[in-house]
Amino acid sequence: MSHANPRPVIFGCAGLELTPDEARFFADTDPLGFILFARNVRDPDQIRALIGQLREAVSREDAPVFIDQEGGRVARLKPPHWREAPPGIHFGELAQRDLGLGIEACRLNGRLLAADLEPLGITVDCVPVLDIPVAGSHDIIGDRAFGTDPELVATLGRALMDGVMAGGVLPIIKHIPGHGRAKVDSHVGLPVVDADLMTLEATDFAPFRALRDAPLAMTAHIVYTAIDEKAAITVSAKGIREVIRGRIGFTGILISDDLCMEALGGSPGDRAEAATGAGCDLVLHCNGVLNDMKSVAAALEPMNAELWGRVKPVFARMPKPEPIDAPVLVARLAELLGPAGQTVA
């Protein structure tokens, strides 16, 4: 089936290969792209075959494929086939000792992350994490963050983003406008943050403002009472307009965090409609459950010409990266990080 423009959604799928029902559904609904999780990963050849099936289903060889490959505890690709990258906190600790070395290490790590992803056909990595944890917050962010200094987080986020893009992969800054104060894991409940706007401006918002030129940003499913007491930022028209687009000044493509997370209420379709209605350009739906995806697809029309005109250039295939000597870069990264870098070998 041919479509004028794809639907503004990134879908997951259930397993290691596409089922006939999934293939038919994706052909009929034409999602913009897809996201992979551990349940979709066995080895490089299997991933390449699955990505080929996904792109064949929507008849677009350049359909974007996302993954969460941060390093540390958030990594869908694992040894023995892929490098075990360190979590963000190690780069922050190095940067506190020597900023230049921290920047070098972050950029190297980004380039190596991309080197694992690009040959598989994965085009988008959901990094960098720009959240700033505070005392008493839930550890859902924890060691994924670079640290607690907004300027340092922004600097390292920029270095990681540059490294990923040098490797031919698109980054996503997350979780805008900041997940670090959440005392509840938004996978299981709705966090409410009561910090005043002046505090948020000086801390949580600052790294996102510094990287507002990023191609993509992912929202936080959090209520900020100083912004909108009634709605999580993902489904808050006021929050997206006044904070993400206004105070922070983000101009790129805004994508929701996973609609399957329990922070949001209503059916999957209700959540998709609320997020796009509030100002998210794209929505992310990750669980791969076909009935849930049907609910989302039914709630979303294909992108109009204006939205597709903004989205399409961002996902245009990036140039093939220059070859690298990965073992040399891995050794240098391990040298920079010291004992914390031993996991990268």
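Just so it is clear, none of the values below were taken in a lab; they were calculated from the coordinates. Values in this document were obtained by computation on a predicted structure and should not be read as measured data. Virtual Cβ from ideal backbone geometry, glycine too; neighbours counted across all protein chains shown.
Computed values, structure above
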| quantity | calculated |
| --- | --- |
| Per-residue Cβ neighbour rank within 10 angstrom, fewest leading, Glu301, Glu17, Glu70 | Glu301, Glu17, Glu70 |
| Positive-end residue of Ala305, Leu113, Leu130, charge dipole of the chain with Cβ unit charges | Ala305 |
| Ranked Ile10, Ile176, criterion: other C-beta atoms within 10 Å, fewest first | Ile10, Ile176 |
| Highest average packing first - 290-296, 220-226, 142-148, 97-103, Cβ atoms within 10 Å | 220-226, 142-148, 290-296, 97-103 |
| Tensor-based shape of the range 172-285 (alpha-carbon gyration tensor, a/c under 1.5 rounded, otherwise prolate or oblate) | oblate |
| Charge tally in the Cβ shell below 12 Å around Gly239, where Lys, Arg are +1 and Asp, Glu are -1, Gly239 excluded | +2 |
| Amide proton proximity set for Leu216, modelled H, under 5 Å, gap of 5+ | Ile173, Ile253 |
| Total charge dipole magnitude, the range 172-285, about the Cα centre, Cβ charges on Lys, Arg, Asp, Glu only, Debye to nearest 20 | 260 debye |
| Three-way shape call for the chain based on the alpha-carbon gyration tensor, with the a/c threshold at 1.5 | oblate |
| Inter-part distance where the range 53-98 and the range 118-190 are each reduced to a Cα centre, Å | 12 Å |
| Per-residue Cβ neighbour rank within 10 angstrom, fewest leading, Asp116, Asp62 | Asp62, Asp116 |
| Charge tally in the Cβ shell below 9 Å around Ala278, where Lys, Arg are +1 and Asp, Glu are -1, Ala278 excluded | +2 |
| The chain, helix-only ellipticity at 222 nm - DSSP H runs n ≥ 4, -39,500 (n - 2.57), divided by all residues, nearest 500 | -11000 deg cm²/dmol |
| Label-point gap, in nm, between Phe37 and Arg317 - each point 7 angstrom along Cα→Cβ | 3.0 nm |
